[in-house]
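> One structure, as structure tokens, below. Some questions next.
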Amino acid sequence: MLTGWEKAVFILVLLGSLGATRTTFGRMFAIIGRGVIPIDWSLMFKNIPTGIMAFLGKPLFKTRPVVTIIHTGVAWGFILYMLVNFFDILYGLIPEFHLLQGSLAGNLYRLFVDIFSVVVLVGVIYFLFRRFISKDPALTINETVLVNAKARKGVFRDSALVAFFIFFHVGFRLLGASFELAQSHSDLYQPAASALAILWSNLTQQQLILGEHSSWWLAIGLILAFIPYFPTTKHAHLFMGPLNHMINGRDTTAATFETIDFEDESLEQYGAALLEHLPQKNILDAYACIMCNRCQDACPAYITGKPLSPAAVEVNKRYYIREHISELASGAESGDRMSDWMLTEDAIWACTSCGYCVEVCPVANEPMVDILRARQDLVMMESRFPKEAVTTFKNLEVNGNPWGQSPQDREKWIGDLDVPRMRDKGQAEYLYWVGCAGAYDARGQEVSQAMIKLMNQAGVDYAVLGTEETCTGDSARRLGNEYLFQMMAQQNIDTFENYKVSKIITQCPHCLNALKNDYKSLGKEYEVIHHAEFLEDLVKTGKLSPSKASNSKIAYHDSCYLGRHNDIYDAPRNVISAIPGIRLEEFPRSGNEGMCCGAGGGRMWLEETLGEKTINIERMEDVKAVKPDEVATACPFCATMVNDGIKAEELDISTASKDVAQYLLDSIVD
């Protein structure tokens, strides 16, 4: 189709595009390579199916179904056009080339290209309307949040630029097909192009040839110009998103870190102060980010007016990289603290580590990890943290619990109950890990007592550590004090070794996560069972038989560290549902989209002074919507926050909230 001189020009343009692409992609991967923890690229080959599903848009369907369907249509069309561009180049370079002409496969190919061309064009128009005409608020970030000054307008400009590129690239390709058809005949398998071809019926053959050649050059020229520009736009997510899924080798929650070797004198930095202190994977996150803001839709800090948006974390990273691309790619130290350009210190401490941003992200980004690593730097390198954290750290270090209560009082909750101690029994099948809340908090003590009665009735072989138990260190790690966490964890590990502990039951999701996931990073693995799972099994096996009926309408509040961090959603619901007469209701925000109570990430011990309202009060909006008789919990922190919220809002709920173990005990005949 192309003339000789056109082919020569095309080869030169192609070589120029490939050269520029090598430079821009090379810079991108050089910057990613600046991270402290190398990406295991071998995971790419192990996770090819995951990458394919991500490439096809499966992770997008977690939220915003209508937008997702349209976005998927555009994405699939754009993906198809990668193949189309290749065949169009062959059509231009090889005389009389037509892919599989006269065959069923060739007919289907032309039909799919024609249909998806229209789908892409309509989809782009929709997204332009959504962003620039209707100005969907979901695409903006609150003014209270630190956002790169250029990003406020740059994200919209970048979106417009890429949208127009896709529109004109696909549009000119469709026009080219119509000019080709106008020179001969219509094509049943190209209905849109055939319809357009009717418009050119009055043009001369020479004009049609000029139209076809011009359209070919504009369509192919746009893609050759865009490919090297690709790494600088947010639309790099088309490839980097699937890649991010493929290189993610996590087998535990993102809130769990690698162990810092404090005896390694070569280490000069704990946590992340600069961009290059982040793991390579978390720098790649900036390139994978769609800038869709899904992560802030249910971020408890963001929706209550705090100066934190997980979306802004990734957007700021991307724009910081764009502004310092040459220095970063060359290996120069960035020099700018992340708390100056990525997120403020108030934002760093506002995070509850609920994990929603990680759960909902369609491209496997982990802004929560950036925040928790920034805390490590502030605590261990800068000694800058909220005054309440000072008290918490001191209580943990001196008394072994965040309440600051005497270690000798850890057994007071037992009272007259028949509770076996490890020091007396020597060994047991299960260690019942009471936890700090279960030992010191009044509500937590009631749950511990309920568990003892249930396990005794079921004939479980268990024992408690009593005064030998100390905090798991969860709050210390979430608040950034890794040194204190490791000290406390090692003390517990030594105790476990002494009693040959292998199975642990606990009623606290934060203890569960620490014992199961955090201790694993220290090289110790235990079978850790949440009490809801354990009770569910006791009911299923007939060792516990709830029989006292209840006529209550109960809504269950999902704990973030039980649900999103450890994928336990059904067990608490099954325990409640086993009680005769119970009507189990769901909150509007439940399951993996559950609303945080506000106490995670060490926030249980910090005052909540920023924002329009507290997070637990925001959770009460769901309680008001469902109007349950009672709210069931499976976490001592959640129980405290939910009860406080109910009292603050003066909601008419009979007994506020109780733990699933208490509901089960109430239903069992003595």
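> What is the local net charge at K658, summed over the other residues whose Cβ is closer than 13 Å to its Cβ (Lys, Arg +1; Asp, Glu -1)? All intermediate terms of the calculation are to be shown ahead of the outcome.
Details: positive: R443; negative: E446, D629, E630, D659, D666.
Its environment carries a net charge of -4.
> Quick one: helix 104-128 against the long Cα principal axis of the chain, what's the angle to the nearest 10°, folded into 0 to 90?
70
> Sorted from largest down, give the three principal axis spans of the alpha carbons of the range 215-370, whole angstrom values.
Extents along the principal axes, in whole Å: 61, 39, 32.
> Under a plain spin-label model, where a point goes 7 Å from the Cα along Cα-to-Cβ, how far apart in nm are Q206 and D418?
10.7
> Which peptide among 558-570, 131-143, 479-491 comes first, and what is the full order, when sorted by highest mean count of other Cβ atoms within 10 Å?
558-570, 479-491, 131-143
> Determine, from the Cβ-Cβ distance of D409 and D461 and an R0 of 35 Å, the FRET efficiency 1/(1 + (r/R0)^6), rounded to the nearest 0.05.
Working from the Cβ atoms, E equals 0.85.
> Report the semi-axes of the equivalent ellipsoid for the range 259-321 in whole Å, largest first, where each axis is √(5λ) for an eigenvalue λ of the Cα gyration tensor. Let's see the in-between values first.
Working: eigenvalues 155, 47, 18 Å².
Working from the Cα gyration tensor, I get semi-axes of 28, 15, 10 Å.
> Please list, in order, the residues from the range 125-145 whose amide nitrogen is less than 17 Å from a point placed 7 Å along the Cα→Cβ vector of K153.
132, 141
> Just the C-alpha atoms of the range 409-565: what Rg/Rh do they give, with Rh taken as the Kirkwood radius?
Using Cα coordinates only, the ratio equals 0.96.
> Another question, then. For K503, list the aspartates and glutamates whose Cα falls under 14 Å from its own Cα; do not include residues on the same chain fewer than 8 positions away.
K503 reaches E429, D461, E525, E527, E533.
> Right, something else. Across the range 136-183, what fraction of all alpha-carbon pairs, as a whole percent, falls in each successive 5 Å bin from zero upward?
Whole-percent P(r) values from 0 Å outward: 5, 17, 16, 15, 11, 10, 8, 7, 6, 3, 2, 1.
> I've got another one for you. Less than 12 Å Cβ to Cβ from L2, Lys/Arg counted +1 and Asp/Glu -1: what total charge do the surrounding residues give?
Result for the local shell: -2.
> Follow-up question, since we're still on this one. How far, in degrees from 0 to 90, does helix 4-32 lean away from the longest principal axis of the Cα atoms of the chain, to the nearest 10?
Helix 4-32 sits roughly 20 degrees off the main axis of the chain.
> Could you work out the helix-only [θ] at 222 nm for the chain, with each DSSP H run of four or more residues adding -39,500 (n - 2.57) and the total divided by the number of residues, to the nearest 500 deg cm²/dmol?
-16500 deg cm²/dmol
> (i) 29.6, 101; (ii) 26.6, 99; (iii) 30.7, 98: which one is Rg and Dmax of the Cα atoms in Å as calculated from this entry?
Label (i) holds the value from this structure.
> Still on this model: Order these peptides, 497-503, 303-309, by their mean beta-carbon neighbour count within 10 angstrom, highest first.
Details: 497-503: 14.3, 303-309: 23.0.
Ranked by mean Cβ neighbours within 10 Å, highest first: 303-309, 497-503.
> Cβ under 11 Å from H531's Cβ, H531 left aside: what net charge do those residues give with Lys, Arg +1 and Asp, Glu -1?
-4
> Restricting attention to the alpha-carbon atoms of the range 563-641, what are Rg (one decimal) and Dmax (integer), both in Å?
13.6, 43
> Which angle between 0 and 90 degrees, to the nearest 10, do you get for helix 367-380 versus the longest principal axis of the chain when only C-alpha atoms count?
50
No lab work stands behind these numbers, since they all come straight from the coordinates. In this text the structure is predicted, and so the values were computed from the model without any measurement. Neighbour counts are summed over all protein chains in view; Cβ atoms, including those assigned to glycine, are modelled from backbone coordinates with ideal geometry.
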